[in-house]
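Please treat every number below as a calculation from the coordinates, not as lab data. This structure is a prediction, so every number in the text was calculated from the model and none was measured. Quick reminder, even Gly has a Cβ in these numbers, built from the backbone with ideal geometry, and neighbours come from all protein chains shown.
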Amino acid sequence: MRLKTRVLLSWLLAAAFLTGCGETVDPNEPQGFIQTKGSDTIVNAMQEVAEEFMQEYPHVFVAVTGGGSGVGIASLINKTTDVATASREMKAKEIEIAEKRGVHPKEFVVAYDGVAVIVNRNNPVDRLTLEDLHNIFTGKITNWKQLGGKDAPIVTLSREVSSGTHMYFKEEVVQLGQKGSTEEFSKETLLLTSSQAIVEEVASNEGAIGYLGMGYLSDRTKAVRVARHSLGPQGRSASGLVPRAARDEGQAASDDFFPPTVENVVKKTYPLSRPLYVYTDGEPQGLVKLFIDFTLGPVGQRQFMETGFVPVGATTVAQTN
Amino acid sequence: MPRRISEYFIEWCIKLSGLAVVVFVFLIFLFLLRDSLSLFREYPLGRFLSGREWLPISEPPRFGVLPLLIGSIFVTFWAIVICVPLGVGAAMFIAEVAPKPLKHVLKSLVEILASIPSVVLGFLGIIWLGPFLRDTFHLSTGMTGLTGSLLLAFMALPTIISISEDALVGVPRMYREAAYGLGATRWQTLWRVILPSASSGIMAAVMLGIGRVVGETMVVLMVTGNAPVMPRSILLPLRTLTATIAGEMGETVGGSEHYFALFAVGLVLFAITFTINFVADLFLRRARK
């Protein structure tokens, strides 16, 4: 719903802008239309960035659409968007198909994010290990009683397969970061079409558990504290999605539970954190370059921070420490 | 002379638009078939039709259409069970019982019912009907097949009511008069004479209602939970054919196996709705005779 209104609003704005085009515009000033599409996780942040950008460059219109990382990447390959946003890396297969179609994806990390696990506010369970989460989402644990909660069946909620967060969660939790693992989400898992739908269900259902980008956290649901499982010192996080530093630090933090906060993502103590990406076709040029530079610049990065993400600079500082 | 030319021209326009519809349907079918066949080249048809797992992004992917097909059948069956008695009853009331002024009000209300966008119904399903069913039946979640069935029944009602009502009104006057002449009561006439004579039309209404329900997407995507299980109960979440296409199409890259698999799902759906409409057409034709 929100997405629809957003798109509608964008078009209204576009229409308003186009009708204003009759005036003469300084030819040196950048003008035109950029489209970004993809990750629902960062669609709100991108919208803020786009609004700031349009204030800076009033003759450029930026349309921001969500739909899921897969949608963004597919659109980039199908050449229907200028910028694709994604909460996961492009798969080798996708890059191969892109190259075949003459699209050369170029990757930028725009921010870092924690994937929060949320439960109903009345659920007494408030800390879980990755192992617990694995057992919950693969259907090995089906009652909250087994985790010290009420005697109630667990309802697992996931995003649709088009979501980058779905892919991330599948790799890191369902398959515990093991390449070649054939573990799947339990078939009873509900696949919902948006992060907002997950919030709605968790807020109203005491047995529900779901996951979403940190940016969607609110008072209506409760984020559980998560601990890295205590299995090997290296952690099993071998997918490469979590920066190396996080893995090395994993050992020390192995039996501590951390809430998904900006601080814990920066310090890499929260186990479920990941970079967020934007992709362009080839080295960005013209307006797209202007937009990417703006996104990675101080104003753009501030928008990410304000919508609940971790700016790129913060973690590089932490990494060099 | 100019009149004859314009008539000739218009005649051809009408002929062309008639033909275009046929051509479009045929092209859609060809298009679906072509892309589905691309899947079956790599993924055997037997495994597609009998597979019990729908895991499109796993390695290797599994495209078993059975859970989705049965999901669609479950939702449709219950929607029909709910809406046929209601719809036919309402049609009987509007056609035979209601006084003239009430009849007009009811008919326009039915039309308004038809104009409610499905996404609005879906939204009501998420925030109201789902939680209500969860609390009433003590379920673990309100996102179930039944939630979808109830909303779909609501959506199919206008179709069923207006076509059944047409069928009932179309029953020749003399049947009615003969029944009354034999001393039948109003109820006996309606139940034993008019309803059976209109049965072909009512069957057509039901079939078209089923067609509407099978093809509906937004509502089921929003409220049924979309869990790709083999459905066991209407009170559990399930995933339908349409929700699968809608939920996954955005993500697939043109030309990938997953993309073709969704076309194959579309082909299954097309086959179902085509059969249903064909059967409905048979009934309608019989009704006209």
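Once the dipole of the protein assembly as shown is set up with Lys and Arg at +1 and Asp and Glu at -1 on Cβ about the Cα centre, which of B:Leu55, B:Val25, B:Met174 lies farthest towards its positive end?
Going by the charge dipole, the pick is B:Met174.
Quick one: length gained pulling A:Ser181 to A:Thr142 fully straight, 0.36 nm per residue minus the C-alpha distance?
Length difference between fully extended and current span is 11.9 nm.
Taking the alpha-carbon distance from A:Lys93 and a cut-off under 13 Å, which aspartates and glutamates remain once sequence neighbours fewer than 8 residues away in the same chain are dropped?
Once the sequence-local aspartates and glutamates are set aside, what remains near A:Lys93 is B:Glu59, B:Glu257.
Starting with the fewest neighbours, write out A:Arg127, B:Arg34 ranked by other beta-carbon atoms found within 10 Å of each beta-carbon.
B:Arg34, A:Arg127
How would segment A:131-180 be classified by its alpha-carbon gyration tensor: rounded, prolate or oblate, with rounded meaning a/c under 1.5 and the a/b versus b/c comparison settling the rest?
oblate
Determine the percent antiparallel among the DSSP beta bridges restricted to the protein assembly as shown, to the nearest 5. Display every interim value, and only then the final one.
Working: 26 of 45 bridges.
Counting only bridges with both partners in the protein assembly as shown, antiparallel ones make up about 60 percent.
Would you please put B:162-171, B:133-142 in order of how densely packed they are, using the mean number of other Cβ atoms within 10 angstrom per residue and starting with the highest?
Averaged packing, sorted descending, gives the order B:162-171, B:133-142.
Taking the mean number of other Cβ atoms within 10 Å as a proxy for protection, how do you rank B:21-32, B:61-72 from highest to lowest? Don't jump to the answer; show the numbers that get you there.
Values: B:21-32: 11.7, B:61-72: 20.9.
Packing order, densest peptide first, comes out as B:61-72, B:21-32.
List A:Asp82, B:Asp35 from most exposed to least, where exposure is judged by having the fewest other Cβ atoms within 10 Å.
Numbers: A:Asp82 23, B:Asp35 19.
Ranked by crowding around the Cβ, least crowded first: B:Asp35, A:Asp82.
Taking H placed 1.01 Å from N in the peptide plane, check which residues at least 5 places from A:Arg225 or on another chain put their amide H under 5 Å from its amide H.
A:Arg127, A:Leu128
In straight Cα distance, which lysines are under 23 Å from A:Lys267, not counting same-chain residues fewer than 8 positions off?
Cα-Cα hits under 23 Å: A:Lys222.
P(r) of segment B:1-82 in 10 Å steps, Cα pairs, percent per bin?
Over segment B:1-82, the share of Cα pairs per 10 Å bin runs 14, 23, 23, 17, 11, 9, 3, 0 percent.
For segment B:116-220, would you read off the P(r) tail past 20 Å as a percentage of all alpha carbon pairs?
In whole percent, the long-distance tail amounts to 55.
Using only alpha-carbon positions, what ratio does the radius of gyration of segment B:53-138 give when scaled by 2.2 N^0.38 Å?
Compared with the compact-globule rule of thumb, segment B:53-138 sits at 1.62.
Return the Cα extents of segment B:175-247 along principal axes one, two and three, sorted largest first, each rounded to a whole Å.
So the extents along the principal axes, rounded to whole Å, are 59, 21, 17.
If you count, for each residue, the other Cβ atoms within 10 Å and average over each peptide, how do B:215-225, B:198-208 line up from highest to lowest?
B:215-225, B:198-208
Using only the alpha-carbon atoms of segment B:224-284, report the extent along each of the three principal axes, biggest first, to the nearest angstrom.
Projected onto the principal axes, the Cα atoms of segment B:224-284 cover 41, 34, 15 Å.
Give the relative contact order (percent, whole number) for chain B; include only Cα pairs under 8 Å separated by 6+ residues. Don't skip to the answer; put the middle values down first.
Working: 377 pairs, mean separation 73.0, N = 289.
Across chain B, relative contact order equals 25 percent.
Please report Rg over Rh for segment B:67-288, where both radii come from the alpha carbon positions and Rh follows the Kirkwood definition.
In segment B:67-288, Rg relative to Rh is 1.05.
So if I take the alpha carbon set of segment B:2-50, get Rg, then get Rh from the Kirkwood formula, what is the Rg over Rh ratio? Numbers along the way, then the final one.
On the way: Rg = 19.9 Å, Rh = 13.7 Å.
Rounded to two decimals, Rg/Rh equals 1.45.
Evaluate the charge dipole of segment B:2-50 about its Cα centre and quote only its size in Debye, nearest 20, assuming +1 on the Cβ of each Lys and Arg and -1 on the Cβ of each Asp and Glu. Before the final figure, lay out each step's value.
On the way: 6 positive and 4 negative charges, 14 e Å.
Charge dipole of segment B:2-50: 60 debye, to the nearest 20.
Send over the semi-axes of segment A:262-318's equivalent ellipsoid, whole angstrom and largest first, taken as the square roots of 5 times the C-alpha gyration tensor eigenvalues.
25, 12, 9
Can you find, among A:Val224, B:Thr240, B:Ile202, the residue farthest towards the positive end of the dipole of the protein assembly as shown? Put +1 on the C-beta of Lys and Arg, -1 on that of Asp and Glu.
Farthest towards the positive end: B:Ile202.
Can you give me the orientation-averaged projected area of the convex hull built on the Cα atoms of the protein assembly as shown, in nm²?
36.8
Decide, for segment B:1-147, between rounded, prolate and oblate: order the square roots of the alpha carbon gyration tensor eigenvalues as a ≥ b ≥ c, take rounded if a/c falls under 1.5, and otherwise choose prolate if a/b is larger than b/c, else oblate.
Oblate, since a/c reaches 1.5 and b/c is not below a/b.
Just going by the charge dipole of segment A:87-207, with Lys and Arg at +1 and Asp and Glu at -1 on Cβ, which of A:Tyr168, A:Val155, A:Thr129 is farthest out on the positive end?
About the Cα centre, the residue reaching furthest to the positive side is A:Tyr168.
Just to check, using Stokes-Einstein with a Kirkwood Rh over alpha carbon pairs, what's the diffusion coefficient of segment B:68-187 at 20 °C and 1.002 mPa s in µm²/s?
131
Taking the Cα centre of segment A:65-110 as origin, work out the dipole magnitude from +1 charges on Lys and Arg Cβ and -1 charges on Asp and Glu Cβ, in debye rounded to 20.
120
Rounding to the nearest 20 debye, state how big the charge dipole of the protein assembly as shown is about its Cα centre with +1 on each Lys and Arg Cβ and -1 on each Asp and Glu Cβ. It would help to have the intermediate numbers written out before the result.
Details: 55 positive and 55 negative charges, 498 e Å.
Charge dipole, the protein assembly as shown, about its Cα centre: 2400 debye, nearest 20.
Quick query: amide H of B:Glu53 versus all other amide H atoms, modeled in the peptide plane; which residues come in under 5 Å with a sequence gap of 5 or more or a different chain?
B:Gly64
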